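Worksheet: the structure to be examined is printed underneath.
Please treat every number below as a calculation from the coordinates, not as lab data. Just so we're clear, the structure is a prediction, and the values are computed from it rather than from any experiment. Cβ atoms come from the backbone with ideal geometry, glycine included; neighbour counts cover every protein chain shown.
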Amino acid sequence: MFLKRLAVGALETNCYLIACEKTQKAAVIDPGGEEEIDLILSLLQKNNLSLKYIINTHGHIDHIAGNNLLKTKTEALLLIHKLDADMLVDANKNFSSFMGKEICSPPADKFLEEGGEIPLGRLKLTVIHTPGHTPGGISLALDNIVFTGDTLFAGSIGRIDLPGGSYQDLQKSIKEKLLVLSDDTIIYPGHGPGSTIGEERRKNSYI
């Protein structure tokens with residue numbers, strides 16, 4: 001498996017480029033900065049990868065800002081949970097209008113749902129619906145790793161004070177969907193350093 005993390009945009013969102021090394025089929029998770037799209041395209045070309053999917057873990061602007069440019073320059077399909085789909089095309093709902101620059105994404109090509117699978121060559125990403133930060137927030141599981149978006153961080157959890165946020169839903173998502181994974185499962189969050197499920201179970205005071 002090919003896996004590369006990039007910190008993108010003003011909020012240093014973790015954007016992940018993941019690919020099957022056997023088939024060279026790739027996906028980008030949360031391209032949250034327009035400025036870094038050329039770097040992503042360069043990595044794809046350098047490693048002879050074919051981008052099949054752009055996946056948004058949720059619809060906030062710091063996770064979708066690069067969707068438009070990346071989709072324009074590739075033939076990738078754009079995927080998001082249906083409950084966050086409106087955020088892609090509404091600058092007020094994705095909060096870009098409040099940051100001084102209205103940015104919208106193309107609409108989704110396909111909606112994701114709990115238990116859905118995203119085939120990537122010989123790899124398979126499994127969708128875990130983890131609402132709380134947003135209604136349509138998702139995590140993505142692959143073997144012994146999980147991309148948690150803004151649901152679970154190293155030593156912290158996603159904020160719930162924005163419209164659509166819910167503390168109860170977030171805690172339920174973490175405890176019933178993520179902490180049930182094995183302790184050695186590696187967490188790749190939407191911001192900050194990585195961790196493991198076991199580490200967060202033991203030391204995360206917000207859970």
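If I ask for residues that are in a helix (DSSP H, G or I) and buried (at least 22 other Cβ atoms within 10 Å of the Cβ), which ones from the stretch 71-87 would you list? Show your work before the answer.
Of the stretch 71-87, the ones in a helix (DSSP H, G or I) are 71-73, 82-87.
If the condition is that a residue be in a helix (DSSP H, G or I) and buried (at least 22 other Cβ atoms within 10 Å of the Cβ), then D84, M87 are the ones that fit.
What number of residues within the stretch 88-100 are crowded, with 19+ Cβ neighbours inside 10 Å, in a loop (DSSP other than H, G, I, E, B) and touching a Cys at 6+ places or on another chain (Cβ under 9 Å)? Explain how you work it out, then say what you get.
First, the residues of the stretch 88-100 that are crowded, with 19+ Cβ neighbours inside 10 Å: 88, 93-94, 96.
Checking which are in a loop (DSSP other than H, G, I, E, B) leaves us with 93-94, 96.
The next check asks that each one be touching a Cys at 6+ places or on another chain (Cβ under 9 Å); those that pass are 94, 96.
Adding up the residues that qualify gives 2.
Here are some conditions: (1) surrounded by fewer than 20 Cβ atoms within 10 Å (Cβ to Cβ); (2) in contact with a Gly (Cβ under 7 Å, 6 or more places away or on another chain); (3) closer than 18 Å to N204 by Cα. S173 meets all but one. Which one does it not meet?
(1)
For the stretch 27-66, which positions are part of a helix (DSSP H, G or I) and either within 16 Å of L11 (Cα to Cα) or among the charged types (D, E, K, R) (or both)? Break it down stepwise before answering.
Start the filter on the stretch 27-66 by keeping residues that are part of a helix (DSSP H, G or I), which leaves 37-46, 61-64.
Across the stretch 27-66, the qualifying residues are I37, D38, K46, I61, D62, H63, I64.
Do you know which of the residues in the stretch 107-122 that are surrounded by fewer than 16 Cβ atoms within 10 Å (Cβ to Cβ) and touching a strand residue (DSSP E or B) at 6+ places or on another chain (Cβ under 6 Å) is farthest from C15 (Cα to Cα)?
Taking the stretch 107-122 as the starting set, the residues that turn out to be surrounded by fewer than 16 Cβ atoms within 10 Å (Cβ to Cβ) are 107, 109-111, 113-115, 117, 119, 122.
This time we only want the ones that are touching a strand residue (DSSP E or B) at 6+ places or on another chain (Cβ under 6 Å), so: 109-110, 114, 117.
Numbers: D109: 20, K110: 20, E114: 22, E117: 20 Å.
Looking at the filtered set, the residue picked out is E114.
Is the stretch 170-193 home to any residue that is at negative phi, touching a Pro at 6+ places or on another chain (Cβ under 7 Å) and of a type outside the set (S, T, N, Q)?
no
Go through the stretch 166-205 and give me each residue that's hydroxyl-bearing (S, T, Y) and within 21 Å of the chain's Cα centre (by Cα). I'd like the intermediate steps shown before the answer.
Start the filter on the stretch 166-205 by keeping residues that are hydroxyl-bearing (S, T, Y), which leaves 166-167, 173, 182, 185, 188, 195-196, 205.
Hits for the stretch 166-205 are S166, Y167, S173, S182, T185, Y188, S195, T196.
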